[in-house]
Amino acid sequence: MNGSMKMSRREFLKGGAIAGGSLIIGMYLPLSHFSAALATPETSFSPNAFIRIDTDETVTIIVTKSEMGQGVYTSLPMIIAEELECDWKSIRVESAPVAPVFNSPVFGAQLTGGSTSIRTEWERLAKAGAIGREMLIAAAARTWNVVPETCHAENGRVINSNGKSLSYGDLVKTAATMTPPRDAPVKSPDAYKLIGKPAHRLDGLAKANGSAQFGLDVNLPGMLTAVISRSPVFGGKIISFNSTKAKAVPGVTDVVQITSGVAVIATGFWEALKGREALEISWSEGEWADLNTPALVKEYATLSATQGLIARKDGDPGKEIEKAAKRLNAEYQLPYLAHATLEPNNCVVDLKAESCDVWIGTQYQTECRNTAARISGVKPETINIHTTFLGGGFGRRATPLPHLVDALEVAKAVKLPIKLVLTREDDMQAGYYRPQWYDRLSAGLDESGNLIAWRHTIVGQSIATGTPFEAMMIKDGVDRSSVEGAQDIPYSIPNILVDLHSPKKGVPVFFWRSVGHSHTAFVVESFLDEAARAAGKDPFEFRRALLADKPRHRGVLELAAQKAGWGTPLAAGRGRGIAVHESFGSFVAQVAEVSVASSGEVRVHRVICAVDCGRIVNPDIIRAQMESGIVFGLSAALHGKITLKAGRVEQSNYQNYPVIRMDEMPEIEVHIVPSTENPGGCGEPGVPPIAPAVVNAICAATGARIRSLPIQPESILSEIKK
C-alpha cells in the first residue's frame, strides 16, 4: 500500500467527521478554581465547582463521574441544565480534576461505581444549576436596575417583565463579580422541561467521528511504551531473567525489573510486545500453583454442607423444613468471570521531579492520585489525573490499580513519559475476577404449596478483604456484597436462614458489574422457580403472591408478564421464564422467551424488561442501560467462565472467553415504570435477572433444570434424559 494511504480507522473518522448530532445534600458549592481550563472572569463565569459559562454562550459542565458508556456525560449535565435554564445545544462537558468538592457523598472519594451517579449527584447538581440561574437573574436585574423578582431565566436568556432580554453570555462579566447565594430554589418536577425526556448524548459525536480520547489514544512527545511480563501463577515471584535477546529486538530501549515482574520498554507497543516474547525469565510459582477448578468446586461443595457466618435468620428454618409436607434441595455453581472490557487496561505517566501527570481511564480518581503520590514521591497537589473515556469499566477500572503502579515504577526508572499497556491476554490471565460461587439451598412447602422455610448457604471469596472498602463492606465477618440479593430476599417467607463462607484463595477478585447480585439473583430466582413447580403453581403467580407487601417488585413483575403475554400460547418448542430482582435502588423484572435445539443449543428469542428506577432523567439512557445489562448478563449466562489449571487461567481472549455476537442477540423490549420515588441506579440492575429468566425458560420449554453456569448444551441434554 502507498505510504500516503496508511491511515488508522480513527484518523479516517476524524477526516470524515460525521455531522449532527437519593441523597439530599445540604452543602455549599464553592467557586470552581479546580478546572485547568477555567478562563478569566472577563470571559467566563463560574457560580460553583460544576459550571462555567463563557461569553460565547458555551456552558461547560464539570462532571465528577467517569464516562464508560453509561451516559453520565449526558444525564448529569441534564440535571444542571434543567435548573440553569440554559440551551441544551450550548452544553460542553469536562471531566473533573481530583478535588474534595467532587467527592461522592457516599464514598467520600471521587469514584464511579455502585450505580450511584444519579442517586448521589441529583440534589447537589440541581442546587448547583439553581444557584447559577439565580446569579444570572440577579446580574440581569442589576444591569436593568430592577428587582430580580421581575425577571426569569429561559433557554439561556434572562427576560424581564417588560420583554427585555439578555443572553447568558451578555451577563458573564457582571455575574462573575457577584457572591453566590448559599441556597436557591429548585424546580418542582411538574415544571421540568428537559428532565424525563430523551436528549441526544453529548459524547456521541466525538465517539462517532474518532475525536473521543480513550486511554490508548494518549500520545506524548518522547513517550515510550511498556509491557510487563508477569508470573503465570497468581503470587509467583521472579527467580531470574536474561534480557539480552529482548534488548536485541529493534525498538526495545530498556528492560527493568519492577514489583510485579519485568518491564520491557520500547519505542512502540509492537516492539515492546516482541521484546517481551524474547525475554528469558524463570519464576517461582508459589503456593497457588496447584489451584485448579475441579478441586475448588469440590472444596466449595464440601464447605457448603456446613454452616457459615449467619447473615440473616428469621424463625427456625431447619426445623420447619424437616417437618414440611414437601422438601426441596439444590446446589448451584457459578464460575469466576472476567470483565473482558473492549479496551484493556492502560495508562500514561509523565513523571517529573516535582509533578506528575497521569492519563487513565479510571473509575477511582482519588485512589489514582493517592497511588501516584505514594509511588512517585511527589506532592499530591502537584499530581494531575486526566480521566479519559473508558472503553468499558464494569468495576475493573475501580481499584486496585496495578497497571498504574507498574507505569509509575517504569517512569521512575527510565525518566521519560511512559504508556503502560496490558494486552487483553494480560488482563484476562492476570487480572481481577468475579468470584466463583457454590450455593446450597433447601426449602419447605406446606400441604397447600405455600413456601414456609428457606435455607441458603453461600460459598465464595470476599471481594472486600484487603481493599479500601473492607471497613465499609464487611460486618461481623460477613461481606455484604457476597450476600446481597440473598440476605434481603423480598419474598414473604416466615423462616429464613442465609449464611456465608468466605474462603481465602490466591485468585484476585473484585467488583464485577452488579457485584453479588450477579450470582444471588440467579440462585434465588432459579430455586424459587423450582419451588413454584414443586407446588404445582404458575411461577409468575407464585412470585406475585409472595410479593403482596412489595409493591415495586410486584409492579415490575406484573408489567413484564403483561408485556410478554404471560400465559398465552407460544410457538412449538419455546418456553417463557420470569425473574424479578432489586439492586442498587432499582427494581427489574425480565421475561425470556427461549428455545432449545435437539443439540442442546439455546436460542434466546426475546427478552421483555420492566424497570422501576424511580425518578427519570433520560429515558433513552435507561433503556440503553437495561439493554446493555441484558447483553452483559446473557454473555455470562451463555458463555462466560474463567477456569484454572495448575494455577493458570486457561482463557486468554474472546476466542475462548466469548461474548454474545449479533447473530445471538434477542429482541429486547424495555418498559419503564413512571415513578416519583427517589432515583435508583441503572448501570447494573439490568444484569441480575437475565440468567435466571433464561434458565427458567429452558425448564419451561424442556423440563431441564440448569443449576450451573454457563449454560452447557450437554447439561441440558443430560437433564432432559433424567
| Can you tell me which of Leu422, Leu416, Leu404 is modelled with pLDDT of 95 or more, surrounded by 23 or more Cβ atoms within 10 Å (Cβ to Cβ) and either polar (S, T, N, Q) or out of contact with any Lys or Arg (no Cβ under 6 Å at 6 or more places or on another chain) (or both)? | Leu404
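Determine which member of the set Asp529, Asp488 is in a helix (DSSP H, G or I) and not polar (S, T, N, Q). If you could, list the steps in order and put the result at the bottom.
On the way: Asp488 fails: in a helix (DSSP H, G or I).
Of the residues listed, the single one that is in a helix (DSSP H, G or I) and not polar (S, T, N, Q) is Asp529.
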| field | region 654-670 residues that are in the same structural domain as Gly565 (by TED's automatic domain parsing), paired with ones that are of a type in the set (Asp, Glu) (beta carbon under 6 Å, 6 or more apart) | value | Ile668/Glu627
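Test His581 against the criterion of being part of a strand (DSSP E or B), in contact with a Leu (Cβ under 9 Å, 6 or more places away or on another chain) and not hydrophobic (A, V, I, L, M, F, W, C), and give yes or no.
Numbers: part of a strand (DSSP E or B): yes; in contact with a Leu (Cβ under 9 Å, 6 or more places away or on another chain): no; not hydrophobic (A, V, I, L, M, F, W, C): yes.
So His581 fails the test.
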| request: Considering each of Asp499, Asp439 in turn, give the residue that is crowded, with 24+ Cβ neighbours inside 10 Å, in contact with a strand residue (DSSP E or B) (Cβ under 7 Å, 6 or more places away or on another chain) and assigned to a strand (DSSP E or B). | output: Asp439
| task | For region 199-245, enumerate the residues that are within 30 Å of Trp288 (Cβ to Cβ) and aliphatic (A, V, I, L, M). | result | Ala226, Val227, Ile228, Val233, Ile238, Ile239
| said: Given the condition under 20 Å from Tyr364 (Cα atoms), modelled with pLDDT of 95 or more, assigned to a loop (DSSP other than H, G, I, E, B) and touching a Lys or Arg at 6+ places or on another chain (Cβ under 7 Å), answer yes or no: does some residue in region 42-53 qualify? | reply: no
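Can you pull out the residues in region 623-649 that are surrounded by fewer than 23 Cβ atoms within 10 Å (Cβ to Cβ) and under 17 Å from the mean Cα position of the chain (by Cα)?
Just the residues of region 623-649 that are surrounded by fewer than 23 Cβ atoms within 10 Å (Cβ to Cβ), to begin with: 623-624, 627-628, 631, 635, 638-639, 641-643, 645-648.
Those that are surrounded by fewer than 23 Cβ atoms within 10 Å (Cβ to Cβ) and under 17 Å from the mean Cα position of the chain (by Cα): Arg623, Ala624, Glu627, Ser628, Val631, Ser635.
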| request: For region 612-627, indicate whether the set of residues that are closer than 26 Å to Ile672 by Cβ and in a strand (DSSP E or B) is non-empty. | output: yes
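Looking only at region 77-103, which residues are of a type in the set (S, T, N, Q) and either more than 14 Å from Ala49 (Cβ to Cβ) or not in a loop (DSSP other than H, G, I, E, B) (or both)?
So in region 77-103, the residues of a type in the set (S, T, N, Q) come out as 90, 95, 103.
Scanning region 77-103 gives Ser90, Ser95.
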| message | Quick check on region 203-216. Is at least one of its residues hydrophobic (A, V, I, L, M, F, W, C) and touching a Pro at 6+ places or on another chain (Cβ under 9 Å)? | response | yes
| When the residues of region 599-622 are filtered to those that are crowded, with 20+ Cβ neighbours inside 10 Å and either touching an Asp or Glu at 6+ places or on another chain (Cβ under 6 Å) or not assigned by TED's automatic domain parsing to the domain that holds Ala564 (or both), which remaining residue is nearest to Pro685 (Cα to Cα)? | Gly614
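Against the definition (within 33 Å of the chain's Cα centre (by Cα) and either of a type in the set (A, V, I, L, M) or assigned to a helix (DSSP H, G or I) (or both)), how does Val172 come out, yes or no? Give the derivation first.
Working: within 33 Å of the chain's Cα centre (by Cα): no; either of a type in the set (A, V, I, L, M) or assigned to a helix (DSSP H, G or I) (or both): yes.
Answer is no for this residue.
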| message | Name the single residue that is nearest to Thr293 (Cα to Cα) among those in region 316-348 being surrounded by fewer than 23 Cβ atoms within 10 Å (Cβ to Cβ) and among the polar types (S, T, N, Q). | response | Gln333
| field | Total residues in region 175-193, condition acidic (Asp, Glu) and part of a helix (DSSP H, G or I) | value | 1
| task | Return the residue satisfying two criteria in turn: it lies in region 446-482 and is among the aliphatic types (A, V, I, L, M) and surrounded by fewer than 22 Cβ atoms within 10 Å (Cβ to Cβ), and of such residues it is nearest to Ala637 (Cα to Cα). | result | Ala464
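Going by the conditions given, is Thr399 polar (S, T, N, Q), part of a loop (DSSP other than H, G, I, E, B) and closer than 30 Å to Arg707 by Cα?
Working: polar (S, T, N, Q): yes; part of a loop (DSSP other than H, G, I, E, B): yes; closer than 30 Å to Arg707 by Cα: no.
Taking the combined requirement at face value, the residue does not satisfy it.
Here's the yes/no breakdown for (1) outside the structural domain of Ala126 (by TED's automatic domain parsing); (2) among the hydrophobic types (A, V, I, L, M, F, W, C); (3) surrounded by 15 or more Cβ atoms within 10 Å (Cβ to Cβ):
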residue: Glu684; (1), (2), (3): yes, no, yes
residue: Ile698; (1), (2), (3): yes, yes, yes
residue: Pro713; (1), (2), (3): yes, no, no
residue: Leu717; (1), (2), (3): yes, yes, yes
| request: For Ala266, indicate whether it is farther than 26 Å from Ala646 by Cβ and touching a helix residue (DSSP H, G or I) at 6+ places or on another chain (Cβ under 7 Å). | output: yes
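Quick one: count up the residues across region 122-169 that are part of a helix (DSSP H, G or I), among the basic types (Lys, Arg) and surrounded by fewer than 21 Cβ atoms within 10 Å (Cβ to Cβ). Spell out how you get there, then give the answer.
First, the residues of region 122-169 that are part of a helix (DSSP H, G or I): 122-144, 148-150, 168-169.
From what is left, the residues that are among the basic types (Lys, Arg) are 124, 127, 133, 142.
With surrounded by fewer than 21 Cβ atoms within 10 Å (Cβ to Cβ) added as a condition, the list becomes 142.
Residues flagged as part of a helix (DSSP H, G or I), among the basic types (Lys, Arg) and surrounded by fewer than 21 Cβ atoms within 10 Å (Cβ to Cβ) within region 122-169 amount to 1.
The values are calculated or read from the model by the stated rules, or taken from the named source; none is laboratory data. These numbers were taken from a predicted model, which means no experiment stands behind them. Note: ideal-geometry Cβ built from the backbone for every residue, glycine included; neighbour counts use all protein chains shown.
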